[in-house]
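The block underneath contains the structure these notes are about, expressed in structure tokens.
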Amino acid sequence: MASVEAEMTDNSKASNPYSRLMALQRMGIVHNYEKIREYSVAIVGIGGVGSVAAEMLTRCGIGRLLLYDYDKVELANMNRMFFLPNQVGMTKTDAAVQTLSNINPDVVLESFTLNITTVDGFETFMSSLKNKSFNPNSEGTGVDLVLSCVDNYEARMVVNQACNELNQVWMESGVSENAVSGHIQLLIPGETACFACVPPLVVASGIDERTLKRDGVCAASLPTTMGIVAGLLVQNTLKYLLNFGDVSRYLGYNALKDFFPTMEMKPNTQCSNAACMERQKEYILAKPSRDAAAKAKMDADSLVAEEFPIHSENEWNISVVDDDEPDKVSTITSGSLPVGIMHELPSADKFESDPAPAETSNPIDDLEDLRKQLDALNAD
Amino acid sequence: MEGWDPTTKSTLTQIPLLTIKAGPRDGATWTQRLKEEYKALITYTTMNKKNDNDWFRISAANPEGTRWTGKCWYVHNLLKYEFDLQFDIPVTYPATAPELELPQLDGKTEKMYRGGKICLTVHFKPLWAKNCPRFGIAHALCLGLAPWLAAEIPVLVDSGMVKHKDDAASSVEV
Ligand SMILES: [Zn+2]
């Protein structure tokens with residue numbers, strides 16, 4: 001995309017980098033494609049999924065991307081897409097900015113080389129999400145969507161913490177350690193289950209898990225599975241931002257069986273995350289205004305439908321779950337999971353009945369004294 | 001506790017359990033939690049010394065107690081192999097366990113993530129999740145690091161990836 005700040009017009013001249021995207025508008029798929037220039041997306045984890053998602057959004061002409069990772073490019077990453085052998089040794093965020101700015105100089109790129117799970121990294125992460133300089137009139141934070149493309153539970157819990165505190169909509173993505181399944185999930189604080197509401201879910205590989213040999217390696221990876229999950233994630237992102245089609249709440253991918261389970265999850269009213277509980281309360285309080293808005297939209301839509309009856313054919317349109325019509329879409333609670341999806345970790349036990357080992361007879365209760373006591377033990 | 005050896009099991013049950021669910025962003029309750037962490041570490045270290053199974057040193061590297069550094073060692077064929085040990089307390093602690101790092105072994109084994117973070121067994125995370133907030137740093141060392149060293153150090157030594165410090169100093173090829 002050679003021209004800086006290329007105008008998004010729908011003329012189909014070969015020199016217009018956005019012509020095929022703007023064609024979506026002429027075909028009636030997307031109402032206002034140009035809106036994409038106004039959106040900011042944060043991508044956490046610039047690995048096999050995150051880097052490919054960043055490239056897709058860059059080619060789509062997204063307004064701004066914030067990129068987070070603490071890692072460097074390694075030769076061992078070359079079985080995946082995006083990074084190049086001559087970028088080995090660069091931070092993933094800097095290497096990504098180098099490539100992405102070449103692909104499309106119109107995108108505003110911000111790179112954050114930090115570990116979000118540490119106290120300092122988390123503070124920077126939070127303040128960068130809150131920065132509204134790109135779009136000062138935005139109502140929420142400074143970004144429209146956060147995409148979690150990290151490869152571990154710890155980092156996902158941190159993204160969940162930040163998004164719950166900031167009331168920030170985000171999408172989760174993951175590829176299993178054996179590289180043959182993956183998933184994407186939409187998380188709307190207070191409205192859907194947060195990442196801590198239920199133990200993390202994985203798509204079953206469809207093979208006997210006991211036959212898997214885990215000894216010897218931490219994780220395998222395939223560019224195909226990662227590319228497919230990145231594609232599903234960015235597709236859902238485009239649908240969410242540009243308001244077309246159905247935005248999936250949870251979509252699984254089982255590569256061995258080519259099986260795509262879907263489901264929805266309501267928040268856990270006893271979630272261990274305090275910020276999630278706050279957002280749940282707010283969501284319930286906002287129900288009357290949400291209902292009014294939904295009704296107004298329905299009235300407006302029916303007017304449009306009368307004027308243009310051809311466009312009202314939408315047999316696959318499943319509306320967002322309405323509290324009054326719980327049967328329309330199958331929602332699940334933590335107890336029952338659809339076929340092909342299972343919990344990766346158990347929930348915390350209730351401890352009342354547990355025989356705890358005898359409490360330490362350590363009478364010291366001053367932090368400094370305890371530190372000295374450990375130091376003394378460490379000294380010999 | 002399926003999947004754990006009897007020694008790990010019996011050691012674990014003697015480490016005091018923690019009660020306060022607080023992470024490094026929780027102010028005064030984190031200080032309370034930190035006291036429990038110290039008590040558990042003091043008991044565990046004392047117990048190891050008494051049982052002639054002393055195998056690590058760890059202490060807070062900052063006043064907030066969010067970063068910890070120290071050493072751990074493992075004896076294989078009567079030789080002692082010692083490594084730097086470090087980790088941060090994550091902001092979502094104790095819902096998530098600290099990721100233990102042995103930076104000197106970074107890149108030497110597949111059972112490690114980048115940056116020298118050890119790759120825990122499939123048994124560790126489920127047990128940690130079930131026991132939140134009762135497990136702390138001492139439990140992570142007992143359940144995470146001790147079995148890892150026992151499984152990986154003999155392999156690393158036998159394959160020549162890790163050399164004893166006396167061998168390394170003389171640097172004579174046999
Ligand atoms: Zn929750």
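The values are calculated or read from the model by the stated rules, or taken from the named source; none is laboratory data. Here the structure is a predicted model, which is why all the values come from computation and not from measurement. As a convention, Cβ positions derive from the backbone with ideal geometry for all residues, glycine included, and neighbour counts pool all protein chains shown. Side chains are part of the model used for accessible areas, which takes the heavy atoms of the whole protein and leaves out ligands, DNA and RNA. Shrake-Rupley method; radii C 1.70, N 1.55, O 1.52, S 1.80 Å.
Give me the Kirkwood hydrodynamic radius of the protein assembly as shown, using the inverse of the mean 1/r over all pairs of distinct Cα atoms, in Å to one decimal. Write down the numbers at each step before the final one.
Working: mean 1/r = 0.0387 Å⁻¹.
Hydrodynamic radius (Kirkwood, Cα pairs) of the protein assembly as shown is 25.8 Å.
Starting from the Cα gyration tensor of the stretch A:93-174, take the square roots of the eigenvalues, sort them a ≥ b ≥ c, and report rounded, prolate or oblate (rounded when a/c is under 1.5, otherwise prolate if a/b is larger than b/c, else oblate).
oblate
I want to verify a result. In a Gaussian network model of chain B, Cα cutoff 10 Å, which of these has the top mean-square fluctuation: B:P94, B:P16, B:P154?
B:P154
Could you grab the relative contact order for chain B? Cα pairs under 8 Å, six or more apart, rounded to a whole percent.
21 percent
For B:K35, go through the lysines and keep the ones whose alpha-carbon is under 26 Å away, minus same-chain ones fewer than eight residues off.
A:K350, A:K372, B:K9, B:K21, B:K49, B:K50, B:K71, B:K117, B:K125, B:K130
Give me Rg over Rh for chain B, both radii from the alpha carbons and Rh done the Kirkwood way, two decimal places. Present the calculation step by step, with values, prior to reporting the outcome.
Numbers: Rg = 16.6 Å, Rh = 17.0 Å.
We get a ratio of 0.98 for chain B.
If R0 is 30 Å, what FRET efficiency do you get for A:L285 and A:N131 from their C-beta distance, rounded to 0.05?
0.60
Among B:A60, B:A146, B:A28, whose mean-square fluctuation peaks in a Gaussian network model of chain B (Cα, cutoff 10 Å)?
Per the Cα network of chain B with a 10 Å cutoff, B:A28 tops the list.
Which residues among the stretch A:36-73 fall inside the zone where the amide N is under 20 Å from a point 7 Å beyond the Cα of A:F260, along Cα→Cβ?
A:49-50, A:52-54, A:56-57
What order do A:L100, B:L17 take when sorted by accessible area (1.4 Å probe), most exposed first?
I get B:L17, A:L100, largest accessible area first.
In whole Hz, what ³J(HN,Hα) sequence does the stretch B:77-91 give by Karplus (6.51, -1.76, 1.60; θ = phi - 60°), x for Gly and Pro?
Rounded to whole hertz, the list is 6, 6, 10, 9, 10, 10, 9, 5, 10, 8, 6, 9, 7, x, 4.
Checking the a/c ratio against 1.5 first, then a/b against b/c, what shape does the Cα gyration tensor give for the stretch A:38-142?
Cα axes put the stretch A:38-142 in the oblate bin.
Starting from the Cα of A:Q98, step 7 Å along the direction of its Cβ; do the same at B:N77; then give the gap between the two resulting points in nm.
4.3 nm
Top to bottom by accessible area (1.4 Å), largest first, where do A:H343, B:H76 land? Mind showing how you got there, number by number?
Numbers: A:H343 65, B:H76 30 Å².
The ranking, largest first, comes out as A:H343, B:H76.
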